[in-house]
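Take a look at the structure below.
The values are calculated or read from the model by the stated rules, or taken from the named source; none is laboratory data. Keep in mind the model is a prediction, meaning the values are calculated, not measured. FYI the Cβ positions are ideal-geometry reconstructions off the backbone, even for glycines, and counts take in every protein chain you see.
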Amino acid sequence: MRHTISVLVENEFGVLSRVSGLFSGRGFNIESLSVAETLDPSVSRMTIVTSGNDQIIEQILKQLNKLISVIKVVDLTGVETVDRELVLVKVNAEPETKPEVLRLVDIFRAKIVDVAPRCYTIEMTGDEAKVNAFLQLLRPIGIREVVRTGLVSIARGGNVVAQADKMPHQGRG
Amino acid sequence: MVRALTDLGVDVVFGYPGGAVLNIYDELFKSTKLRHILTRHEQGAVHMADGYARASGKTGVCLVTSGPGATNTVTGIATAYMDSIPIVVFSGQVPTLMIGNDAFQEADIVGITRPCTKHNYLVKDTKDLARIIKEAFFLASTGRPGPVLVDIPKDVLASAEEYVLPKEAHVRGYHPTYEGHPKQVESAIRLLKEKERPVIYTGGGAILSGASSELAEFAGILGIPVTTTLMGMGAFPGTDPLYMGMLGMHGTYCANMAISHCDLILALGARFDDRVTGKIDEFAPHAKIVHVDIDPTSIQKNVPVHIPIVGDLKDVLKKMIKLTKGTKEAASFREKITPWREQVRKWARTHPLSYKHEPKGKIKPQYVVEQIYALTKGQAIITTEVGQNQMWAAQFYKYDSPRTFLSSGGLGTMGYGFPAAIGAQVAMPGKLVVDVAGDGSIQMNIQELATAVQYRLPVKVVILNNGALGMVRQWQELFYQGKYSQTCLPRIPDFVKLAEAYGAAGFRATRTEEVKGVLKKGFAVDGPAFIDILTDPNEMVYPMVPAGAPLTKMLLV
Ligand SMILES: Cc1ncc(C[n+]2csc(CCOP(=O)(O)OP(=O)(O)O)c2C)c(N)n1
């Protein structure tokens with residue numbers, strides 16, 4: 001099953017390789033990963049999308065917790081969340097396809113952020129399904145390049161994944 | 001830096017100098033408090049720090065230069081990591097501005113050791129040095145212990161800053177759980193009371209946590225038979241009637257049968273390694289499992305656990321003792337499981353560890369280990385190399401106290417035992433320290449004989465010289481139709497002459513009758529000694545569970 005994990009880490013060099021090394025060294029897979037500083041500049045947040053059975057996910061969460069540079073780990077799966085991804089797409093914009101591109105941009109509430117002869121660069125945000133649908137529809141028109149950020153995710157309502165200390169983990173039982 | 005180490009109570013450093021650490025060595029030269037042991041190879045230095053830590057319970061310290069000095073430590077660090085041994089390794093690094101330029105003697109040791117350290121640091125600013133040193137010792141020695149590496153660029157060592165050693169280390173992402181959850185402990189005891197065939201399975205965690213006396217008390221209260229892993233040797237008295245010996249691939253018949261037939265496993269500071277479980281799907285098929293470990297990642301990793309308890313074993317055992325000691329229920333439980341204890345004893349009686357002793361024939365390595373036990377009255381610190389020598393040292397010597405059996409369990413590093421013995425001797429100057437070695441392994445760090453001689457560290461190396469990479473040959477014999485590919489070692493070198501060339505004593509036994517006398521002589525000399533014992537090359541380690549087979553499928557003698 002797919003899981004989205006939110007991880008607060010020390011904002012210092014080498015942290016990314018500690019986390020990615022944990023995944024590669026133990027044969028866990030990363031579907032997407034995004035990192036950026038939080039409000040507190042000494043802390044970064046990583047949003048990791050991964051998949052595996054319950055036992056693997058449990059190991060991933062525990063192993064992440066075990067890293068000294070990791071401050072907090074929260075599995076957002078099963079939590080009501082808002083999920084967003086940003087995608088930048090370069091599509092062909094020939095006279096006969098332009099109207100279709102503009103129509104799709106309108107429907108998906110995307111934005112054209114750069115215009116060149118015969119090419120538009122479009123910016124779009126949404127959850128993964130929306131991004132995929134958008135790309136699907138653009139494909140016949142001719143996509144030249146796609147850049148996606150990977151997923152970021154935040155809990156709905158007032159709950160926050162704030163920088164509290166790591167919870168002692170009691171395993172299952 | 002030298003001041004920080006001294007203030008942290010470090011009294012000895014094992015190291016090897018080089019360009020990047022000249023500044024530290026210059027300071028060491030002036031220091032009267034910090035002793036430095038000059039090894040002959042950086043791998044030796046790390047194993048010595050490791051042996052020092054295992055024997056004493058203190059954190060071992062090691063200092064090396066950049067590049068090749070640092071990369072030479074990797075095997076030692078990985079060895080300590082796999083066995084959760086607290087050591088701090090300081091490596092020099094090229095000056096900050098040159099990092100990343102492929103400068104002379106530059107190696108990305110922080111990157112290289114990331115997966116085999118508990119944590120590591122590159123110190124970028126002299127201001128951070130004291131704090132990082134404090135944190136490094138804190139991380140290495142607390143929670144589940146492990147090696148920490150601190151990489152220090154030359155310019156950071158060269159510049160001066162005001163010295164402030166923080167009183168406390170605070171690492172916000174690090175909060176080990178020491179106290180076992182009382183509810184979980186209660187559930188464990190409740191589950192235990194329902195059972196009829198319990199087994200305590202304990203490992204290195206019991207030694208690291210200093211929980212031996214609690215373990216003995218708890219097992220005694222309830223009369224539960226105990227087995228240990230290789231790493232757990234000495235955690236429970238080897239001479240106790242409840243002790244079944246080691247389990248797993250070369251475990252006793254009794255321990256493997258007991259674990260396979262029990263209805264409850266109390267796993268105390270052990271991690272269900274594949275050498276212990278055999279074929280995992282058929283491991284302990286009738287048992288519920290209570291697993292106590294300080295590291296949550298160890299729990300549910302290899303086997304499903306019914307009651308997990310995260311915490312320090314000593315604390316958890318204290319709680320368990322409190323719940324049972326002096327109670328009527330405990331007495332009746334002990335009574336109830338009498339038939340089980342009898343069954344266990346029967347297995348031990350019908351299939352003890354054995355070998356065919358030849359009083360006038362070839363020397364049996366098992367006999368040598370038994371003689372070491374007899375001569376030292378079980379009071380020595382035994383280190384081992386890896387292979388058959390390691391298994392025989394585990395099987396035929398009874399370890400009554402913790403920190404007396406030092407062996408590379410997790411990584412299985414040949415060449416560990418000799419430097420570890422030297423480190424242990426530094427920690428315990430009054431103790432007899434014996435490395436039970438193979439003729440292959442001893443050659444992997446044999447250069448450290450110079451260290452032993454230079455510092456008059458009277459370690460004894462007993463070489464079970466079978467002219468072979470015995471353990472590998474054993475697998476070839478059993479599973480590769482006896483094709484001994486690259487496992488025959490012609491008897492080179494002459495270990496007696498070699499010892500003498502280094503200024504140590506050398507002895508040799510070629511017949512069974514000589515063994516006792518030669519061991520006695522070797523143990524009696526003042527300095528280090530090599531005792532070369534030409535053993536029967538055809539001897540194999542039994543019982544043996546072939547890799548991937550269930551524990552009940554033991555090959556017996
Ligand atoms: C550094 C290293 N290289 C290779 C091995 C694989 N290995 C395991 S046991 C063994 C043979 C050890 O031979 P020896 O030291 O003579 O001991 P014996 O088994 O004969 O007692 C080997 C090569 C290892 N454990 N460590």
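Couple of notes before you dig in:
- The set of residues in segment B:379-415 that are aromatic (F, W, Y) and part of a loop (DSSP other than H, G, I, E, B) comprises B:F396, B:Y397, B:Y399.
- Residue tally, condition farther than 16 Å from A:E85 by Cα and out of contact with any Lys or Arg (no Cβ under 9 Å at 6 or more places or on another chain), over segment A:127-152: 6
- Residue match in segment B:360-378 (condition: assigned to a helix (DSSP H, G or I), touching a residue at least 12 places away in the same chain (Cβ under 8 Å), within 14 Å of another protein chain (Cβ to nearest Cβ) and in contact with a strand residue (DSSP E or B) (Cβ under 8 Å, 6 or more places away or on another chain)): no
- Residues that are within 14 Å of another protein chain (Cβ to nearest Cβ) and modelled with pLDDT under 95 number at least 3 in none of the helices (runs of 4 or more DSSP H) confined to segment B:141-252.
- Search result, residues across segment A:1-42 that are within 9 Å of chain B (Cβ to nearest Cβ) and touching a Leu at 6+ places or on another chain (Cβ under 7 Å): A:R18, A:L22
- Check on B:T404, of a type outside the set (G, A, S), within 24 Å of B:A216 (Cα to Cα), under 15 Å from the mean Cα position of the chain (by Cα) and buried (at least 24 other Cβ atoms within 10 Å of the Cβ): yes
- Taken together, the residues in segment B:122-134 that are within 29 Å of the chain's Cα centre (by Cα) and more than 9 Å from chain A (Cβ to nearest Cβ) amount to 3.
- Every test in (1) in a helix (DSSP H, G or I); (2) within 13 Å of the ligand (Cβ to nearest atom) is passed by B:R345 save one, and that test is (2).
- Which listed residue, of A:V101, A:V152, A:V160, is surrounded by 16 or more Cβ atoms within 10 Å (Cβ to Cβ), closer than 13 Å to A:S6 by Cα and not aromatic (F, W, Y): A:V152
- Criterion violated by B:K360 - all others in (1) among the charged types (D, E, K, R); (2) more than 16 Å from the ligand (Cβ to nearest atom); (3) buried (at least 20 other Cβ atoms within 10 Å of the Cβ) satisfied: (3)
- Filtered by the rule that a residue be of a type in the set (G, A, S) and either closer than 20 Å to B:I37 by Cβ or away from the ligand (no atom under 16 Å from the Cβ) (or both), segment B:376-407 gives B:G378, B:A380, B:S401.
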